[in-house]
Each structure stands twice: as structure tokens, then as C-alpha cells.
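Trainee: Input: one structure, supplied below.
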Amino acid sequence: MPDHAQRASGARTGTVPSPCVSVCNIDTATGWCEGCCRTIDEIAHWGLLDDDEKRAVWANLNRRRAALR
């Protein structure tokens, strides 16, 4: 399983980790963080989300990254 897939599933730690890579800048065209591709709302609410909701965010991030290619 690729590292980003393991991180998204929580396979290594048993919990779903933050996708933050410490490159925090919101792209005005997309509304996504240039580092992790989350929206400002997803970033702000991350700590409040349960693991299923976090996995859903990760799934959105994978689609967003694909759209940027």
C-alpha cells in the first residue's frame, strides 16, 4: 500500500492522521491549501471530525490532487 494510502486509512497508527504537510497557503483559484489540498473549513474542523469523516476528506484530497495533474 502506498504511503499516502496507509496514512489516509490510518493503517499505521489506528487513527486517521492529518494530511497537513506544513505548506499552508490557500490557493485563491481553487480554495484549497497548496500543501494538503484541504479547504479552510476542512482544516478548521479537522480536530472535530470522526475517523470516517476524516477518511472522506482524504478521499476528496486524492480526487483534488488528480484534478490538478
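Trainee: Taking a 1.4 Å probe, which of L49, L68, L61 shows the most accessible area, and what order do the others take after it?
Mentor: So, going from the largest accessible area down, we get L68, L49, L61.
Trainee: Under 5 Å between amide hydrogens, which residues at least 5 positions from T39 or on another chain qualify, with H placed 1.01 Å from N in the peptide plane?
Mentor: Answer set, sorted by chain and number: C33.
The values are calculated or read from the model by the stated rules, or taken from the named source; none is laboratory data. Computed from a predicted model, the values in this text were never measured in an experiment. Just the protein is used for accessible areas: all its heavy atoms, side chains included, with ligands, DNA and RNA removed. Shrake-Rupley method; radii C 1.70, N 1.55, O 1.52, S 1.80 Å.
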